[in-house]
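Student: Can you read through this structure? Questions will come right after.
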Amino acid sequence: PVHVLRDGRESVVDREELVVGDLVRLQAGETVPADGVLITQGHMVCDESMGTWEVVSGHLLPKKEKDTASDPFLIAGAAILEGSGRMLVAAVGPHSVAHSRGTGDAAHARRIFGHTPLQVQLQGAAEVLARCGFVVVAMLC
């Protein structure tokens, strides 16, 4: 749920219901729900590495922190690390920066990084279980 000011009233909506022109309240610990521009803020620090899928030598950068005092533009998917403020929604869905870069989905991450460590471990466990199953079946027959 996203806290939004729309038509002069504050309400809570799903991310999918955001439209350009909405004013969104952001706080530390939240994820930026759409691309936008901060219009009110105290001090805010964001991590945009997940929103942009920035890669160095095949690895996702651990963090790309920025202080929004010098750069008020936020990308959907960025994590708010510190502070709070209000953001004017500038782009949603297929018009967002992450989507236009083709980085808005897990399939893109797999293309860049291959399988996640959990997927590799699960695949290994599945292979061991399959081999054990064949051995048990062979012993019973």
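Student: Set the Förster radius R0 to 35 Å, insert the Cβ-Cβ distance between V13 and A125 as r into 1/(1 + (r/R0)^6), and round the FRET efficiency to 0.05.
Tutor: 0.30
Student: Quick check on packing: order 128-141, 18-31 by the mean number of other C-beta atoms within 10 Å, highest mean leading.
Tutor: Final packing ranking: 18-31, 128-141.
Just so you know, all these numbers are worked out from the coordinates, no wet-lab data involved. Remember, it's a predicted structure, so these values are computed and weren't measured experimentally. Cβ coordinates were reconstructed from backbone atoms using ideal geometry, including for glycine residues, and neighbour counts include every protein chain displayed.
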